[in-house]
Amino acid sequence: MNSLFSTTPTWNSFWDTIKEKYYPVKSYEDKYIKWTTLQQGRDQDVLDFSNVFHTLRTNLGIKDSEKHLVLKYRSCLHRYI
């Protein structure tokens, strides 16, 4: 008899279950696409952009290194800043 509880759950299986329940696939994909193409808006101030950056990163569970996040953040800002 094969039971759901006969195997030890992993962090990845837990995280996948949470994403399925609370982040519908289309919503998650849309947010991930927004994260990968994120750029500071033409009239968007840095504080507003920082909030969007942090919110998306948190909602998607992005766990990159601090160095990688800083590089991502800087690459999204206008060049003149």
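Here are a few things to note about the model shown:
- Compactness index (Cα Rg / 2.2 N^0.38 Å), the chain: 1.46
- Note on the chain: with a GNM built from Cα contacts shorter than 10 Å, the maximum mean-square fluctuation among K63, K31, K19 falls on K63.
- Solvent-accessible heavy-atom area per residue, rounded to whole Å², over the chain at 1.4 Å: 84
- Estimated FRET transfer efficiency (V52, T10; beta-carbon r; R0 35 Å; 0.05): 0.65
- Here the relative contact order of the chain, from alpha carbon pairs under 8 Å that lie six or more residues apart, stands at 32 percent.
- Taking the accessible area of the chain, probe 1.4 Å, and keeping the other protein chains in place, the carbon and sulfur fraction comes to 57%.
- Potential lengthening between Y22 and Q39 on full extension [0.36 nm per residue; Cα-Cα distance subtracted]: 3.5 nm
The values are calculated or read from the model by the stated rules, or taken from the named source; none is laboratory data. Keep in mind that what you see is a predicted model, and the values were worked out from it rather than measured. Quick reminder, even Gly has a Cβ in these numbers, built from the backbone with ideal geometry, and neighbours come from all protein chains shown. We work out accessible area using only protein heavy atoms, side chains counted, and drop any ligands, DNA or RNA first. Shrake-Rupley method; radii C 1.70, N 1.55, O 1.52, S 1.80 Å.
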